[in-house]
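Here the structure comes first, spelled out in structure tokens, and everything after it is commentary.
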Amino acid sequence: MKERPAKPKKQPVTIPGVKSASAAQTIFFPRSIKELLTLYNKNPGSIIFAGGTGIMMNRRSERERGGAGGRPVISLKRVQDLTKVVRRERFLEIGAAVPLSRLASIGSRIVPKTLYNAIINYGYYGTRNLATLGGLICSPWDYSEIITILYALDAQLEIRSIAHTGWILISGLKKADGESILSENEILTRVRIPYGSWNRSYSRVFGMDGSSTYPGAIFSGFARIEKESIEDIRLSFGGIGNRVIRERNIEMTLQGKKIPLTEKDLSLIESQITDLLDGFYKPKDIKETGVLATPASINPVESYRASALKRIMLWFLNNLEYPDYLGQIGGLQNRQSKLYF
Ligand SMILES: Cc1cc2nc3c(=O)[nH]c(=O)nc-3n(C[C@H](O)[C@H](O)[C@H](O)COP(=O)(O)OP(=O)(O)OC[C@H]3O[C@@H](n4cnc5c(N)ncnc54)[C@H](O)[C@@H]3O)c2cc1C
């Protein structure tokens with residue numbers, strides 16, 4: 001019998017000076033951004049491995065979709081340029097592979113305080129030690145307080161491929177269905193967090209069980225108050241169908257208003273936020289939106305989230321006059337206590 005010719009072995013693409021290992025799964029450890037981008041360009045569809053904590057959680061669904069099995073892995077661990085943190089005049093610039101624990105160790109004088117508090121409350125120390133800011137931003141889930149705060153602060157992301165470099169707002173990273181816009185050869189390399197001159201800030205995570213890992217809902221608010229009027233304000237809402245929402249119309253309605261806000265102002269804002277949240281929790285036409293949801297009135301979880309978000313936002317707006325009070329409550333105490341409305 002004629003022997004079948006052996007199948008030629010697929011050779012992983014490597015570049016000189018870059019180590020790769022393991023026959024089962026090729027792992028690359030580039031040392032510079034240039035090497036990283038070259039490798040990714042030559043091996044599209046590779047798994048970008050930052051801290052691995054999100055990938056670990058996602059393994060089951062990967063297997064269900066046909067597996068990450070043979071895809072090469074590109075580790076960011078040794079790319080020095082991705083682990084830098086630079087303080088500039090107007091913003092903090094953070095390499096995508098900086099672990100959250102490192103940001104925590106930099107302290108709240110440099111990392112905006114509300115963000116710092118969210119970082120030290122993220123998962124356990126071991127997770128913070130591995131999980132990177134870039135990995136958190138690129139993960140398919142947007143359930144974190146850190147992300148909700150970055151939306152409010154208009155964080156900017158540097159996206160690079162071998163052919164181009166560009167900056168986008170964090171709100172532009174994911175499409176309406178939550179899918180990332182990054183193409184197969186693009187990497188998040190740096191994150192810029194503008195400092196802003198906020199003199200009021202507040203962020204709160206509240207879940208059905210008081211846990212921050214899969215919170216029921218997240219609210220983050222920042223405001224600049226000058227001469228008893230709202231010069232600028234940012235409001236973002238997380239935990240909503242795996243998305244973070246910022247509604248500029250609501251922020252614009254509030255800009256220039258005197259504090260304390262009048263009953264009329266507050267009820268206008270309340271109706272705007274009700275419309276906004278209803279759009280997510282009670283889609284009129286499920287076929288049109290593609291979102292599977294039931295009316296808030298008969299879904300206790302969604303109803304709880306919507307009601308909690310509304311009330312906490314109104315509480316924030318009602319307390320803009322009292323920066324010390326907001327600071328105290330926005331601190332570590334009581335942040336994850338159970339709140340039921
Ligand atoms: C115990 C535990 C607790 C957790 N708690 C939370 C929580 O409270 N909130 C929460 O939201 N998540 C949580 N997670 C999920 C996970 O930690 C986050 O998604 C996380 O921050 C991912 O960061 P990472 O560096 O580990 O990313 P990785 O797991 O390495 O990567 C995550 C995804 O992003 C891609 N990626 C990473 N870096 C880049 C880059 N620079 N450019 C392009 N793509 C990139 C990867 O390819 C992958 O698809 C938790 C996970 C564990 C294990």
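Hey, among the residues in the range 202-215 that are within 13 Å of the ligand (Cβ to nearest atom), farther than 19 Å from P140 by Cβ and in contact with a strand residue (DSSP E or B) (Cβ under 8 Å, 6 or more places away or on another chain), which one's modelled with the highest pLDDT? Here the residue is V205.
Would you pick out the residues in the range 106-125 that are more than 10 Å from the ligand (Cβ to nearest atom), open to solvent by 20 Å² or more (accessible area, probe 1.4 Å) and in contact with a strand residue (DSSP E or B) (Cβ under 9 Å, 6 or more places away or on another chain)? Selection gives I106, I110, P112, K113. Going through (1) modelled with pLDDT of 65 or more; (2) within 15 Å of the ligand (Cβ to nearest atom) one by one, E62 falls short only on (1).
When R243 is tested against (1) within 16 Å of the ligand (Cβ to nearest atom); (2) of a type in the set (K, R); (3) more than 28 Å from I120 (Cα to Cα), only condition (3) is not met. Scan the range 162-210 residue by residue and report those that are in contact with a Leu (Cβ under 9 Å, 6 or more places away or on another chain) and of a type in the set (V, I, T). The answer is I162, I168, I170, I181, I187, T189, V191, I193.
Each residue in the range 228-280 was checked for being buried (at least 16 other Cβ atoms within 10 Å of the Cβ), in a loop (DSSP other than H, G, I, E, B) and modelled with pLDDT of 90 or more, and 3 of them qualify.
Residues in the range 69-105 that are more than 23 Å from I55 (Cα to Cα), open to solvent by 50 Å² or more (accessible area, probe 1.4 Å) and either within 11 Å of the ligand (Cβ to nearest atom) or not in a loop (DSSP other than H, G, I, E, B) (or both): R87, S105. Under the condition of being out of contact with any Lys or Arg (no Cβ under 9 Å at 6 or more places or on another chain) and open to solvent by less than 50 Å² (accessible area, probe 1.4 Å), which residue from the range 149-167 is farthest from G123 (Cα to Cα)? Taking the candidates together, the pick is S161.
Only residues in the range 139-168 that are touching a residue at least 40 places away in the same chain (Cβ under 8 Å) and acidic (D, E) count as the first member; pair them with residues that are within 13 Å of the ligand (Cβ to nearest atom) and in a helix (DSSP H, G or I), Cβ under 7 angstrom, at least 6 apart or cross-chain, and list the lot. Listed by first residue and then by second, the contacts come to E145/A118. Residues of the range 126-144 that are more than 6 Å from the ligand (Cβ to nearest atom) and open to solvent by less than 20 Å² (accessible area, probe 1.4 Å): L133, I137, D142.
Only residues in the range 40-57 that are within 17 Å of T189 (Cα to Cα) count as the first member; pair them with residues that are at pLDDT 95 or above and in a helix (DSSP H, G or I), Cβ under 7 angstrom, at least 6 apart or cross-chain, and list the lot. If the second residue must be at pLDDT 95 or above and in a helix (DSSP H, G or I), the pairs left are S46/Y40; A50/G134; A50/G135; G51/L130; G51/G135; G52/L130. Pairing each residue of the range 72-94 that is on the phi > 0 side of the Ramachandran plot with any residue that is open to solvent by less than 100 Å² (accessible area, probe 1.4 Å) and not β-branched (V, I, T), provided the two are 6+ apart or on different chains, yields no C-beta distance under 6 Å.
The values are calculated or read from the model by the stated rules, or taken from the named source; none is laboratory data. Treat the numbers as computed from the prediction; the structure is a model and nothing was measured. Heads up, the Cβs are rebuilt from the backbone with ideal geometry, glycines too, and the neighbour counts pull from every protein chain shown. Heavy atoms of the whole protein, side chains included, go into the accessibility calculation; ligands, DNA and RNA do not. Shrake-Rupley method; radii C 1.70, N 1.55, O 1.52, S 1.80 Å.
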